[in-house]
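To keep things clear, I will list the structure first and then write my remarks on it.
The values are calculated or read from the model by the stated rules, or taken from the named source; none is laboratory data. Computed from a predicted model, the values in this text were never measured in an experiment. Here the Cβ positions follow ideal geometry from the backbone for every residue, glycine too, while neighbour counts run over all protein chains shown.
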Amino acid sequence: MKNIKKGIFISIEGPIGVGKTTLSNILNSHFNSHHLREIVEENPFLSHFYTNIKEYALQTESFFFFNRVKQLEDIETVIKQGKIVISDYNIIKNLIFAGLTLNKKQFHKYKQVYDIFVNGLPQSDIIIYLNSSTNTLMKKIALRDRNFERQMDKNYIDNLREEYEYYFNKRSLKHYFGEKTPIIINVDNTNMDFINCQKDRNWIIEQVENSIKTLGGI
């Protein structure tokens, strides 16, 4: 673990297939951090969700939400110990996906539950927001070839990208995070290759290191 002055919580967000897990693995290796990985394939509703979104949206989003709440509760002690935590998701993604998939009545109730449970949980100090073109995302989704993603609809990904852009504009960030708005590192990942390009990898590591220093770490 690198010498740090305070615990720093870093999360990575962006639409499906943008490379969140890949980047979190790279940063975790560099910083020797505590790695928080999103539970995806364990969701028993996910395979049904992509074939019938309207029918399985609430079950799918609820499973994800309560698993993420438990994970965030578990890292609170780690952060207090002065360690860096790197997560391949941010809890706000629950609102992004729920807003896209739930009907208005369901979303209203879901948002009430979200506000109750998220209040008091560890919040990210830094969010790396990755985005790519829809075509790039579709290619990456096809390449990783997950069973439940093989019927992925391009329009769904396009709408998801729009939702992310809405949530990560300055006005929305201020609304959802208030005075504790995290440092946001915006990255267009369309033409970047963090795995094979050392220049790209060095660039993102430098951005994160500078942000950590701003917060009093390293």
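Odds and ends about this structure:
- When every residue of segment 44-63 is checked against the conditions, none turns out to be within 12 Å of the chain's Cα centre (by Cα) and either modelled with pLDDT under 95 or farther than 21 Å from Glu162 by Cα (or both).
- Counting only helices (runs of 4 or more DSSP H) that sit completely within segment 145-218, those holding 3 or more residues that are within 19 Å of the chain's Cα centre (by Cα) and closer than 27 Å to Gln81 by Cβ correspond to 198-214.
A quick yes/no check of all residues on (1) surrounded by fewer than 18 Cβ atoms within 10 Å (Cβ to Cβ); (2) in contact (Cβ under 8 Å) with a residue 12 or more places away in the chain; (3) among the hydrophobic types (A, V, I, L, M, F, W, C); (4) more than 30 Å from Asp188 (Cβ to Cβ):
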residue: Leu36; (1), (2), (3), (4): no, yes, yes, no
residue: Glu73; (1), (2), (3), (4): yes, yes, no, yes
residue: Thr77; (1), (2), (3), (4): yes, no, no, yes
residue: Val85; (1), (2), (3), (4): no, yes, yes, no
residue: Asn90; (1), (2), (3), (4): no, yes, no, no
residue: Lys93; (1), (2), (3), (4): no, yes, no, no
residue: Phe107; (1), (2), (3), (4): no, no, yes, no
residue: Gly120; (1), (2), (3), (4): yes, no, no, yes
residue: Ser124; (1), (2), (3), (4): no, yes, no, no
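- With respect to (1) more than 20 Å from Ile12 (Cβ to Cβ); (2) in contact with a Phe, Trp or Tyr (Cβ under 7 Å, 6 or more places away or on another chain); (3) part of a loop (DSSP other than H, G, I, E, B), the lone exception for Thr51 is condition (2).
- The residue that is surrounded by the fewest Cβ atoms within 10 Å (Cβ to Cβ), among those in segment 1-34 that are assigned to a helix (DSSP H, G or I) and among the polar types (S, T, N, Q), is Ser29.
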